[in-house]
Number of protein chains: 2
Amino acid sequence: MAQLLKVQNFTVSSDGFGAGEGQSLERPFGHADPSRLMAWAGATASWPNRTEPGGTRGLDDYFTRDFNHNIGAEIMGRNKFGPQRGPWENHDWQGWWGDEPPFHTPVFVLTHHLRPSFTLSDTTFHFVDDDPAVVLEKAREAADGKDVRLGGGTATIREFLDAGLVDTLHVAVSPEKLGSGTRLWESPEELTDRYHLEVVPSPSGMTHHIFWRK
Amino acid sequence: MAQLLKVQNFTVSSDGFGAGEGQSLERPFGHADPSRLMAWAGATASWPNRTEPGGTRGLDDYFTRDFNHNIGAEIMGRNKFGPQRGPWENHDWQGWWGDEPPFHTPVFVLTHHLRPSFTLSDTTFHFVDDDPAVVLEKAREAADGKDVRLGGGTATIREFLDAGLVDTLHVAVSPEKLGSGTRLWESPEELTDRYHLEVVPSPSGMTHHIFWRK
């Protein structure tokens, strides 16, 4: 079976923004409140960062449960990895996720400023400055036959969409507006020339948008 | 984490029947047409019996994709295993599934007529004549820390529900009526005293019912 490139559990506001303006160390999602944007996922039993038992096992849990299913590598943009811009001042920053990142696979970080790979628990971060197709080729090789997750943010997803490399997307649309920030789309309909789209409202208030290639 | 007992992708007619009347070797679902009852699952990319590439990757695919996720054993009733009733005339019958059953784990078949265990590919069938709680204990031990699937049919699911042993249920309700057969419920509302229920219509016409313990 082919190795898919998949966007999973990517969450945007009702007006299409994946993060707010003004990302910083203190505010990884800029003026957007990630605890509100990602509340739907955090409520589920299968949320990777869950530390206590419990959580819902309804529709939303199928999406969080699927997060690591047959995934062998992730590709992410530098702004998902950290708030720094330009050349690295040092290599102390190792991502937002502490000693146990939720990826458990190789992760390829797109950046014009390379640095050495490093490993935290069972996640290894590599830094690459290549075209999307080349990065995908590296990630597929590292994924060892499994699928590759495209982790975001919005600019990275757009770049891979524009290159025609994305096979499936699951985007959870929140009922709340952000007003400004980094935009995934004006409307999900922009993708329906190339993708099937199913729109599935969840009892949580989110609206799951599931795309796969035509 | 606890080992759950889960009903997954169990399909019933709009009037609550999991199979028709008159099961036989030629008609495993009695007068019901399994190709119509299970068409929603067969259309998906992740359907375990799929032999050709393709298939949908929308909402329904999340359910078929989840079928083997963290499952370490299955429990099924004798009528899911085969059409025979009473003592075995011989042990030639090895289930409906050919040389590559879709389970890939130990399977515990409930029957008053024991016979020796046997293995087909990576599925081993065991035959047990015990109370549900004892069968579940055996299946959990065989599952080696993973969850246990309760595969049906309806009588087996009812038996484990009545014993209070089922943690989650996913039941796909078809828009078509069967009129008679083996019944899972008069109405899904029967379970809402003990279970949360989310009702999720699918673009395929099925209505997914997702239950988890209160």
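The values are calculated or read from the model by the stated rules, or taken from the named source; none is laboratory data. Nothing here was measured: the structure is a model prediction, and the numbers come from that model. Cβ sites come from the backbone with ideal geometry, for glycine too, and all protein chains shown count toward neighbours. Ligands, DNA and RNA are stripped out before the accessible areas are found, and what is left, the full protein with its side chains, is counted by its heavy atoms. Shrake-Rupley method; radii C 1.70, N 1.55, O 1.52, S 1.80 Å.
Okay, here's what the table says:
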{"quantity": "Solvent-accessible area of residue A:88 with every protein chain in place, 1.4 Å probe, in Å² to the nearest 10", "calculated": "40"}
{"quantity": "GNM result for chain A, Cα springs below 10 Å: residue of A:197, A:114, A:37 fluctuating most strongly", "calculated": "A:114"}
{"quantity": "Gained length - residue B:193 relative to residue B:70, 0.36 nm times residue gap less alpha-carbon distance", "calculated": "41.5 nm"}
{"quantity": "Cα Rg, Dmax (largest Cα-Cα span) when computed across the protein assembly as shown, Å", "calculated": "23.5, 78"}
{"quantity": "Highest-fluctuation residue, B:140, B:78, B:27 considered, GNM on chain B with Cα pairs under 10 Å", "calculated": "B:27"}
{"quantity": "At 7 Å out from Cα toward Cβ: residue B:84 inter-copy label distances (nm, ascending)", "calculated": "6.8"}
{"quantity": "Accessible surface buried upon B-A contact (total; probe 1.4 Å; Å², nearest 100)", "calculated": "2000"}
{"quantity": "Cβ-based net charge around residue A:111, under 12 Å, with every Lys or Arg adding one and every Asp or Glu removing one", "calculated": "+2"}
{"quantity": "3J(HN,Hα) from dihedral phi, segment B:200-214, Karplus parametrisation 6.51/-1.76/1.60, rounded to Hz, x for glycine, proline", "calculated": "10, x, 9, x, 6, x, 6, 10, 7, 10, 10, 10, 9, 4, 6"}
{"quantity": "Normalised contact order of segment A:1-53, rounded percent, pairs of Cα under 8 Å and 6 or more residues apart", "calculated": "20"}
{"quantity": "Relative contact order %, chain B, counting alpha carbon pairs below 8 Å whose residues are six or more apart", "calculated": "31"}
{"quantity": "Pseudo-label separations to other copies for residue A:116 - Cα-to-Cβ vector, 7 Å, nm", "calculated": "6.0"}
{"quantity": "Summed residue charge, Cβ within 10 Å of residue B:121's Cβ, Lys/Arg positive, Asp/Glu negative", "calculated": "-3"}
{"quantity": "For segment B:135-214 versus segment A:7-52, the gap between their alpha-carbon centres in whole angstrom", "calculated": "32"}
{"quantity": "Calculated label separations, residue B:201, copies of the chain, 7 Å along the beta-carbon direction, nm", "calculated": "0.9"}
{"quantity": "1.4 Å probe accessible area per residue over chain B, in Å²", "calculated": "45"}
{"quantity": "Among B:163-172, B:50-59, B:186-195, the order from most to least packed when residues are scored by Cβ within 10 Å on average", "calculated": "B:163-172, B:50-59, B:186-195"}
{"quantity": "Carbon and sulfur %, accessible surface of the protein assembly as shown computed with the full protein complex present, 1.4 Å", "calculated": "50"}
{"quantity": "Cα-Cα separations in segment B:22-143 greater than 25 Å, expressed as whole percent", "calculated": "31"}
{"quantity": "Under-5 Å amide H pairs with residue A:150, H placed in peptide plane, nonlocal only", "calculated": "A:6, A:7, A:8, A:75"}
{"quantity": "Chain A Cβ-axis minimum, rotational copy B, residue and distance in Å", "calculated": "A:62, 2"}
